[in-house]
Ligand SMILES: Nc1ncnc2c1ncn2[C@@H]1O[C@H](COP(=O)(O)OP(=O)(O)OP(=O)(O)O)[C@@H](O)[C@H]1O
């Protein structure tokens, strides 16, 4: 694809209940500054979908609105057929609690900045989540053991989460997102701070989950990872979708990394910028 070729943007389904996640005209501004602007996107069922974009592009804000945790200024999100903010309410979306609860049962979420019950041990946290979700205690027990073992947290299972490292915290939150075997997993930077061995295991877990019909949507800044693991991608910048669809169609002959720079615009350090940092020490 050369600079004149328009970016590939996948068409939006007429029926928003068809995709695993349908975003329709989402918009959010903070103190007058738009963070997400009229964003529409479909995450097809059974896809492994990557969301990429520069810092501050609006990915986390989009995820928060898509999961019913942040009220949009306009637009709605339909999770596995459940319309969270109410289609057709125009500029004043209101949550429909029945739909929000059904959506929350359908998704598993891993996102930074959400409150974590970190005075529980890892094992207690999973038991607590499972029982809150109305799962059978024996199923919670079995799945917790499996997840703690697979994510290399078995030894730390009785330690308070507040004492976990960043990578361990990410893994226990991922375990919590997986526990109820949701229809769709929504993961904000799931591989950030995770060691390569655990990263490999998480890739396998997510691949098996998608192979069994689950849907994953994950944000990441690592283009090689997204190109290697995802089958669909959306490039988001300044709160808008610049390209979306099947990853091979979106990137054409070039790498995802090159496409990203082409769409978002590359930057390099001015020759005289930060010159003091390069001055020799006396
Ligand atoms: N609670 C908030 N109050 C004010 N501004 C906010 C708030 N949350 C997000 N923003 C702003 O909205 C914009 C989008 O932020 P967001 O966190 O969605 O980006 P992101 O794509 O997830 O970035 P990153 O890749 O760095 O995590 C940024 O300009 C950010 O400063």
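Taking each residue of region 53-66 that is more than 11 Å from residue 264 (Cα to Cα) and looking for partners that are assigned to a loop (DSSP other than H, G, I, E, B) and near the ligand (Cβ under 6 Å from one of its atoms) with beta-carbon atoms closer than 7 Å, six or more apart or interchain, yields 59/53. More than 15 Å from the ligand (Cβ to nearest atom), at pLDDT below 95, part of a loop (DSSP other than H, G, I, E, B) and over 14 Å from residue 51 (Cα atoms), is that true of residue 258? No; evaluated as a whole, the condition is false for this residue. Residues satisfying the criterion are absent from region 208-216 (criterion: modelled with pLDDT under 95, surrounded by 15 or more Cβ atoms within 10 Å (Cβ to Cβ) and in a helix (DSSP H, G or I)). For residue 32, are the conditions met, namely being within 16 Å of the ligand (Cβ to nearest atom) and exposed (fewer than 15 other Cβ atoms within 10 Å of the Cβ)? So residue 32 fits the description; yes.
Here residue 148 meets each of (1) farther than 30 Å from residue 78 by Cβ; (2) under 22 Å from the mean Cα position of the chain (by Cα); (3) part of a loop (DSSP other than H, G, I, E, B) with one exception, condition (3).
Among the residues of region 35-64, the one identified as within 11 Å of the ligand (Cβ to nearest atom), more than 11 Å from residue 236 (Cβ to Cβ) and either in a loop (DSSP other than H, G, I, E, B) or modelled with pLDDT under 95 (or both) is 55.
Residue 198 meets the stated requirement of being surrounded by fewer than 21 Cβ atoms within 10 Å (Cβ to Cβ), within 20 Å of the chain's Cα centre (by Cα) and modelled with pLDDT under 95. Pairs, please: C-beta under 7 Å, at least 6 apart or cross-chain, first residue buried (at least 16 other Cβ atoms within 10 Å of the Cβ) and in region 95-110, second assigned to a helix (DSSP H, G or I)? Taking only residues 6 or more apart or on different chains, the pairs are 108/177; 108/178; 109/177; 110/173; 110/174; 110/177.
The values are calculated or read from the model by the stated rules, or taken from the named source; none is laboratory data. Everything numeric in this text was worked out from a predicted model, so none of it was measured. Here Cβ is always computed from backbone atoms with ideal geometry, including for glycine, and neighbour counts include all displayed protein chains.
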